[in-house]
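What follows draws every value from the coordinates through simple rules; no lab data is involved. Values in this document were obtained by computation on a predicted structure and should not be read as measured data. Using ideal geometry, Cβ is built from the backbone for each residue, glycine included, and neighbour counts are taken over all protein chains shown.
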Amino acid sequence: MEATILFLYLIAVFLRQAKCLPVCSIEAVEMVKSFLKLHPMELYDCKLYTPTLNHYENCSKSMLTCFAKEARVLIEETQKKFSALPRMLLGLRIRLQDKMKTCPDCEVYKEEKAEIFLNTLLNVLQMMNSKDACSR
């Protein structure tokens, strides 16, 4: 009986700590910056569904899902080796929760050029990093 109570207590402590993890990724910011620096996006004609900063407060989880999906498309289009970026975004997404029950599907967002997409993603990631204490 005591072992069961101790086990449940440890699970509760673990879940509480997991929920309190900051939602930030300095690595993702650096990856987007290097992608922009190393690969001139004006050479690519692709357009990507691009969420806006306005959607972050209420639909952060679905917004990062969209960024991850579209980052995969960009990697395919440009044939560049940045496959870790979508995985990082999906990893961050796990720690987020949408405040609205129904958030826009990715296809609802405006299609933008690759450079605008990456700059918007960079702004979102930097905003997330500034809201949470990433240096903890």
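Details
- FRET E, pair residue 54, residue 115, Förster distance 25 Å, beta-carbon r, rounded to 0.05: 0.80
- Model label sites at residue 101 and residue 127, defined 7 Å from Cα along the beta-carbon direction, differ in position by 2.5 nm.
- Cα-derived Rg over Rh, computed across the stretch 81-136 with Rh taken as Kirkwood radius: 0.98
- Rg/Rh for the stretch 29-136 stands at 0.95; both radii use Cα atoms, and Rh follows the Kirkwood definition.
- Counted residue by residue at 0.36 nm each, then reduced by the alpha carbon distance between them, the extension gain from residue 80 to residue 108 reaches 7.4 nm.
- Computed extension gain for residue 72 through residue 38, at 0.36 nm per residue and net of the alpha carbon distance, reaches 10.5 nm.
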